[in-house]
Amino acid sequence: EGVDGLPDDGVLDMRKLGLEKPLSMRVRVGRNLTSFPLPGAMTKTDRVNFEKTMLGAFDKLVKNKDYGGQVYSMTPNAAWKEVTGDAKNPNLIDEKKYQELVKAHVMFKDMDADPFLKSAGISSDWPCGRGCYQSKDGGFIIWFGEEDQLRIMCMAKGFILNEVFDRLNTALQMVESIDGIEFATSSKYGYVTSCPSNLGTGMRASVHLQIPNLTAGGSDAKAVAAAKPLGLSVRGMGGEHTPIGADGTVDISPSNRLFITEAEIVTKLYNGLKLLMEKEASAGSDAPAAASGVPPPPPAPAGCCIVS
C-alpha cells in the first residue's frame, strides 16, 4: 500500500503487460552481520567462524518443508580444524562438484582471480569461509563469503513478481531469527554492504526479457539507451560483463538501491518493463525499412568511433 505505481490489486502480474511466456525472475539482497568485520577486513579465523555461525540458519532452512536443500562448503578440512577444533568440515565439496555448481550458476566463481576483490582484501584466504546453501527446488540460494558475507537470492519462472519477493522476505526473517545473526544496518544509509552501490535496501530485482529489436546485431547499446531514462539497468544473462542472449534476452533491473524501499524497487521494475516493451515495439516498427530494399547506412570509415 502507498507505493506509487502499484496496481490497485497489489499484484505485479506481467501478463497484464502483454507478456505471454513465463519470465525468469530474480530478487537478491546483500547482507552482512554485526558480529563480524566487513569481508575486506575479515581474517581467516573470522571467515571460518562466520561460516560456522551461519550453520544454524542453514539447518533451520534444510528442516523447513518449504526449503529443504543442502549446504556446499569450500573451506578445507585443515582450516576448519585449525579454527573450530573439529576434524572435518561436514559440508566440504571437492573441486569437481565446485565446478559443476559454478557451471549451473549456483556457486560463485573464484574470487581470488578478480583483481578488484583481491586488492580490496575481499577475496583473501580463499576458499576459506566460502560456499552456498541451495533449497531443494533450486529456487532459493544463499552465497556465503562472497563480496558481502551473504548474498541471498530467490529465483522463479513465472509472471507475478510478488511471489519471488515474498518468498525472499520470508526467508530473510527466518535467517535473522537465529540467535547470533543480526544484519548490519545504518540509521542513515540502510543495510551496510561492501560496495557503496548496494547501500540502502541492498536489493536487486531483475527479470530476463527478450528484446530482439533493441539488441539487433548483438549489441545492447540501444537497449541501454532506452532503459536508462526509465531508471533501468541492462546486463547480460549472466550478470555484469556477460554477453546478451543469442535471442536478444537481457537482464533488466532498476538502478536505484539507496533511499528507496524494497516494494518501490519491485514496482519500478514492473512499470519500467511496460515502458521498455513499448520502446521495443517501436524499434521493431522501424525495422521493415531496411528489409524492404532500403540499403543500410555505409560503414563508418576506419578510425571513426560511433557513440550511441
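The values are calculated or read from the model by the stated rules, or taken from the named source; none is laboratory data. Model, not experiment: these values are computed from the prediction. So basically every Cβ, Gly included, is an ideal-geometry build from the backbone, and we count neighbours across all protein chains shown. Just the protein is used for accessible areas: all its heavy atoms, side chains included, with ligands, DNA and RNA removed. Shrake-Rupley method; radii C 1.70, N 1.55, O 1.52, S 1.80 Å.
Overview of values
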{"item": "For the range 264-274, 3J(HN,Hα) per residue [Karplus equation, 6.51 cos²θ - 1.76 cosθ + 1.60, θ = phi - 60°, Hz, x = Gly/Pro]", "result": "5, 4, 5, 5, 5, 5, 4, 6, x, 4, 4"}
{"item": "Area accessible to solvent at residue 36, 1.4 Å probe radius, in Å²", "result": "40 Å²"}
{"item": "Restraint check, 21/63; 52/157; 157/228, Cα-Cα greater than 29 Å", "result": "21/63; 52/157"}
{"item": "Over the range 159-297, relative contact order from alpha-carbon pairs under 8 Å, at least 6 apart, %", "result": "24 percent"}
{"item": "For residue 122, distant residues with modelled amide H under 5 Å away", "result": "none"}
{"item": "Average projected area [Cα convex hull, the range 69-143], square nanometres", "result": "5.4 nm²"}
{"item": "Rounded to whole Hz, the Karplus (6.51, -1.76, 1.60) HN-Hα couplings of the range 23-39, x for glycine and proline", "result": "9, 6, 10, 8, 10, 9, 10, x, 9, 10, 9, 5, 8, 9, x, 4, x"}
{"item": "Estimated inter-spin distance, residue 219 and residue 17, nm [label 7 Å along Cα→Cβ]", "result": "2.5 nm"}
{"item": "Contact order relative to length of the chain, as percent, for alpha carbon pairs under 8 angstrom and 6 or more apart", "result": "22 percent"}
{"item": "Extension reserve of the residue 208-residue 62 stretch, reckoned as 0.36 nm per residue once the Cα distance is removed", "result": "49.7 nm"}
{"item": "Estimated FRET transfer efficiency when R0 is 25 angstrom, pair residue 34-residue 114 (beta carbons, to 0.05)", "result": "0.45"}
{"item": "5 angstrom amide H check on residue 249, placed H, neighbours 5+ away", "result": "211"}
{"item": "Potential lengthening between residue 86 and residue 261 on full extension [0.36 nm per residue; Cα-Cα distance subtracted]", "result": "58.8 nm"}
{"item": "Compactness relative to 2.2 N^0.38 Å, alpha carbon Rg of the range 120-169", "result": "1.39"}
{"item": "Of 222, 81, 188, the one that fluctuates the most in a GNM where the chain has Cα springs shorter than 10 Å", "result": "188"}
{"item": "Surface accessible to a 1.4 Å probe, per residue, for the residues of the range 153-215, Å²", "result": "44 Å²"}
{"item": "Kirkwood hydrodynamic radius of the range 176-220, from inverse mean 1/r over distinct Cα pairs, in Å", "result": "13.9 Å"}
{"item": "59, 137, reordered so the largest accessible area comes first (probe 1.4 Å)", "result": "137, 59"}
{"item": "Distance between modelled label sites at residue 44 and residue 228, nm, 7 Å Cα→Cβ extension", "result": "4.5 nm"}
{"item": "Debye log10 I(q)/I(0) at q = 0.16, 0.17 Å⁻¹ for the range 1-132, Cα point scatterers", "result": "-0.94, -1.01"}
{"item": "Residues of the range 1-146: accessible area per residue with a 1.4 Å probe, Å²", "result": "51 Å²"}
{"item": "Value of [θ]222 nm, deg cm²/dmol, for the chain, DSSP H segments ≥ 4, -39500 (n - 2.57) each, nearest 500", "result": "-9500 deg cm²/dmol"}
{"item": "The range 127-200 - convex hull of the alpha-carbon atoms, volume per residue in Å³", "result": "130 Å³"}
{"item": "Approximate spin-label separation residue 52-residue 182, in nm, with each point projected 7 Å along Cα-to-Cβ", "result": "2.1 nm"}
{"item": "Carbon and sulfur %, accessible surface of the chain computed with the full protein complex present, 1.4 Å", "result": "54 percent"}
{"item": "Kirkwood-based Rg to Rh ratio, the chain, C-alpha trace", "result": "1.02"}
